[in-house]
Amino acid sequence: MAGHLRILHTEASCGWGGQEIRILSEASGLIARGHEVAIACPAHAPIALAALEQGIEVIALPIEKKRLPGLFAMRALLRRRRFDVINTHSSTDTWLVALSCASLSDAPPLVRTRHISTPIPRTRANRWLYGRATARIVTTGEAMRRSLIDEYGFDGARIESVPTGIDTALYSPGDPAEARAALGLRVDGRVIGIVATLRKAKGHHLLLASLAAMGDDAPDLLIVGDGPQRPMLEEQVDRLGLRARVRFAGNQTDVLPWLRALDVFVLPTLHEGVPQALTQAMSVGLCCVTTPVGGIPELADDGESAVFVTPDDVDALTAALRRVLADDALRARLGRNARARRVAGFDRNAMLDRMEALFRSLAQRHAVRAR
């Protein structure tokens, strides 16, 4: 087991966001280290096309729902192909893999990565899933790990926090005017932005309300990403008379130029794990305004490397935006500190080192038991 590993990632989600980006980053990084990596997902999922574009093997399976065809397809795959370890990422694919493995005599170890801090129903089935069915649970932040231990009573020895790492050499500061010109944006004036899936929990509606409250002092707003809330947000933009100030950029394969175009990155999220877009924005050296929920306090310190505001509080968000937009020196200091904080931690190679070591350890242990 000293050589290459055969790793299967599974993803049932048909959305696009930080979770899918981490899977691709981890997969491509371990492929570059000589391992064999495949991603099992629905054929029409955005991650499938993105993986193929990066040269990652895609195994199309009907696993977007907890149904028998998906279970049978997953079980058939595991009987047909030998993997040293399986890394699941969403609830649905985790259940399908766990049940498939339970029905096989020599199934590979299962690693369940939790990217978000949504509640886990306290059922006997979930006790089995997070206990005997999984070899390890990986969280993307320490707060999520502590929650699984303290709130749910799961075995802390089997849970590891492995923060999502980014390429800090790639996500580096740039010239905002140059980035705006390349994107066809106005070069003058203030620009704030958010990069996130358009879900209610991300707080886009709060940001739009804050923009309206700023009146004539409001900056331009870039909304990068797509998702189920877009029709409601588009309607809110028109209702508040913000159409001239707001641009919906949709999903972007490369968010770097959009981040470099900003004066301030805003993420007024209500529930969170460890948001990858925030780590990217900090690495780019942006002043960031966000909320201290989930794993965000692990990323930044209030007043030092970001500005924290109370979740679901438009007045607090508006006041924070007015403050940072009016103070060039404050924005510059927060941006420098944010960049320094990201370079010092959350490095992509550190993430790859830890996941590779975990996979190798579990694969070696499984191989010994199988003898």
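Values in this text are rule-based calculations from the coordinates and carry no lab data. Only a predicted model underlies this, so the values are computations on that prediction, with no experimental measurement involved. Neighbour counts are summed over all protein chains in view; Cβ atoms, including those assigned to glycine, are modelled from backbone coordinates with ideal geometry.
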Open item on the list: As I understand it, the dipole of the chain uses +1 on the Cβ of Lys and Arg and -1 on the Cβ of Asp and Glu, about the Cα centre. Which of ALA50, PRO176, ALA107 lies farthest toward its positive end?
Closed with: ALA107
Open item on the list: Please give the Cα centre distance for region 235-289 versus region 59-127, rounded to the nearest Å.
Closed with: 33 Å
Task: Cα shape, region 176-257, gyration tensor, a/c 1.5 rule - done: oblate
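Restricting to DSSP H runs of at least four residues, report the calculated mean residue ellipticity at 222 nm for the chain, -39500 (n - 2.57) per run over all residues, nearest 500 deg cm²/dmol.
-13000 deg cm²/dmol
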Task: GNM flexibility winner over the chain from ARG342, ARG81, ARG360 (Cα, springs under 10 Å) - done: ARG81
Task: Furthest towards positive pole of dipole, ALA363, GLY285, THR92, structure part the chain, Cβ charges - done: ALA363
Task: Among [x] 21.3, 72; [y] 24.1, 88; [z] 21.1, 66, the entry that matches Rg and Dmax of the Cα atoms in Å as calculated here - done: [x]
- [ ] Restrict the search to region 142-226; then list the GluC sites (Glu not before Pro) that DSSP places in a loop and that have at most 12 other Cβ atoms within 10 Å of their Cβ.
- [x] GLU151
Open item on the list: Under 13 Å from a point placed 7 Å out from the Cα of ARG33 along the Cα-to-Cβ direction: which residues of region 103-128 have their backbone N that close?
Closed with: none
TODO: Measure off 7 Å from each Cα along the Cα-to-Cβ vector at PHE72 and ARG239, then give the distance between these two points in nanometres to one decimal.
DONE: 4.6 nm
Task: Cβ charges +1 (Lys, Arg) and -1 (Asp, Glu), total dipole of the chain, debye - done: 1660 debye
TODO: Give me the number: length gained by fully extending ALA319 to SER361, i.e. 0.36 nm times residue separation minus the C-alpha to C-alpha distance, one decimal in nm.
DONE: 10.2 nm
Task: Signed unit charges on C-beta, dipole axis of the chain, positive-most listed residue LEU30, ILE296, PHE265 - done: LEU30
Task: Restricting region 114-143 to trypsin sites (Lys or Arg not before Pro) in coil, as DSSP defines it, with at most 15 other Cβ within 10 Å - done: ARG122, ARG132
TODO: Identify which of MET355, MET144, MET214 has the largest mean-square fluctuation in a Gaussian network model of the chain, with springs joining Cα atoms closer than 10 Å.
DONE: MET214
